[in-house]
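S.K.: Take a look at this one; I'll ask things after.
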Amino acid sequence: MISAHICNTGSPAVAWRCRSELRLLWFTYLLHSLVLPAWIGALVNLFKLTNFQHVEQQEMPDYRISMPILASHHQWLLNTAIATTFMMMAAWGTLYSGAGYAIGAGTVLWWVYRMGKGLWALVRQEPLPALLK
């Protein structure tokens, strides 16, 4: 599960760092799945995206192979957390009119879809699109 083929390239130090990044990614998926600590996971995702931007500017060719896949998952989770928060705020704000129930239910279904698609792509070690698809 964690000893992924995307981490089997380059030096042992790069492979070790890649595997630790994968473990952190699994942990952030767990935080997002538990809903309440999802914002802790979102902060980790934001930090890692900033870190990946710094790594991209450095000369680390071995690490650049796995970096786009890992970064796409962090971006996916961050986009999911932000969009879910805004959609749930809209649902709460329109709850009195009855539309909030539909918006809330749609948001929950969309969130389950995003989490499932992200986890499935992580298991298959594929990148995710950066947009809210």
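S.K.: If I filter segment 85-127 down to residues being among the polar types (S, T, N, Q) and assigned to a helix (DSSP H, G or I), which single residue comes out as nearest to T28 (Cα to Cα)?
M.R.: In this case the residue turns out to be T85.
S.K.: While we're on this one: If I ask for residues that are polar (S, T, N, Q) and surrounded by fewer than 14 Cβ atoms within 10 Å (Cβ to Cβ), which ones from segment 86-117 would you list?
M.R.: S97
Just so you know, all these numbers are worked out from the coordinates, no wet-lab data involved. Keep in mind the model is a prediction, meaning the values are calculated, not measured. Using ideal geometry, Cβ is built from the backbone for each residue, glycine included, and neighbour counts are taken over all protein chains shown.
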